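Contents: one structure, followed by commentary.
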Amino acid sequence: MNDDDYGNLLLRPLDTGAPDGPSKIDVAKAMKDGLRVRRVRAWSSAAAVAGVAVAITGGVLVLRPPAPQTPPALPADPALPTACTPSMLPMGDAKSASVNAGDPSGTYLVGTSEPVDGGDHDVLVWRNGKLVAAVPQKSPKVAMEDINASGIAVGSTVAGNTEPYALHDGEITRMKGTGNPVAINDAGVVAGDTEGARSGSVPQRWSSWDAEPELMVLPDGMTEGQAFDITEDGTILTALGSRAASALYLWHADGSIERIAPPKAAPGKEAEVRAIAIHFGWVYAEVASSVRGSAGFGAAVSALHRYEPGSRTWQKLNDDRYVVQVPAVQRRGGGFIQDAPVVYVGDQILRLPKLEKYEDDSFGVTFISEDARVVAGSNMSGIAAERPVVPIIWRCD
């Protein structure tokens, strides 16, 4: 109501007709109280207007250009070692051996003796650089692809039908299901995939080496895929595809899946991504930018990138995938050899000293610990079938 209406309402008790006697209403007091209330209401209205003005002023301030956004928090990379010392790992009775993988701390390493076609393929396990197991094989022959902090290793057959196997308590045991395991975390969860003769493979996981496998439920439009690595929280890096599309996905421990959007490509081009491995909390991947609708990876030199899942951040590391090594599962095409071994530590390059043996030394780096203090690989000098493969460990400070 307005002020006049309020005054009428306040004085309405006076409108009682002709009084029978002296008025019981103190007219002077009523008028005085009415004026006081009117002043209070006027002050309140002014304050309200002032409040609206402040709010509007605040709105105007919000409309100013926003302050630069704080970059997303990214996991810290390990410090780049200042010095590394190479040494040959003991091989027992074997004359040749390779290192395949290690647990995140670098305490355990797993490898293969005589790792050439027709070789013994015995499973070798090192702990803190010392040979602690040499498990002979007859048939079928198995190559272990990964090992965890409990010394449990997983892998698959190297010939014939692909079958999963685990090394535990000094014994090699057939795992349940079919296909090949490629990674195991310290909790014992195993990542791998099926391998069908008539259809494409599908990622799968085992809750432990002796559990039944669980198939990944593929998203719409995807018909097949492979697993590449697993994190300590059970997230599995997968590559899925169909005749029409392909993409990388994270298969989380709760069963949910998350597509990894590729990095932005130049106008008129498409970015195609190929998984490599997970290190230091990042997904390392090969990225090729090709002309839209062209033939994919053959159309351009593949660059090396890495992706941080928490912030969905992509970083480009270099313009050529085959310059600096990123340890990865050999069965997935990971790794290569080079004259001088170099490997990524986060986004920095660690140049490793050679353990020289022949004039044509060639080095493959197949493992780096999460703190970058233990690195392992092999010297594959010359023709591997004619010259022994030498297993190497680098200890870094």
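Overview of results
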read-out: Across Lys141/Lys354; Lys95/Lys141; Lys316/Lys354; Lys95/Lys357, pairs whose alpha-carbon gap is larger than 21 Å; value: Lys141/Lys354; Lys316/Lys354
read-out: For region 166-321, convex hull volume per residue from C-alpha positions, Å³; value: 135
read-out: Accessible area expressed per residue, region 307-397, with surrounding protein chains retained (probe 1.4 Å, Å²); value: 45
read-out: Interatomic Cα distance distribution for region 312-382, bins of 5 angstrom, percent; value: 3, 16, 26, 25, 19, 7, 3, 1, 0
read-out: Heavy atoms of Arg331: accessible area, 1.4 Å probe, square angstrom to 10; value: 80
read-out: Whole-number percent relative contact order across region 212-277, with pairs defined as alpha carbons under 8 Å at least 6 apart; value: 24
read-out: Projected area, mean over directions - region 345-397, Cα convex hull, nm²; value: 3.9
read-out: Dipole magnitude (debye, nearest 20) for region 245-361, charges at Cβ of Lys, Arg, Asp, Glu; value: 380
read-out: Region 326-376 - percent of accessible surface contributed by carbon and sulfur, probe 1.4 Å; value: 44
read-out: Residue-level accessible surface for Phe228, protein heavy atoms, 1.4 Å, Å²; value: 20
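The values are calculated or read from the model by the stated rules, or taken from the named source; none is laboratory data. This structure is a prediction, so every number in the text was calculated from the model and none was measured. Note: ideal-geometry Cβ built from the backbone for every residue, glycine included; neighbour counts use all protein chains shown. We work out accessible area using only protein heavy atoms, side chains counted, and drop any ligands, DNA or RNA first. Shrake-Rupley method; radii C 1.70, N 1.55, O 1.52, S 1.80 Å.
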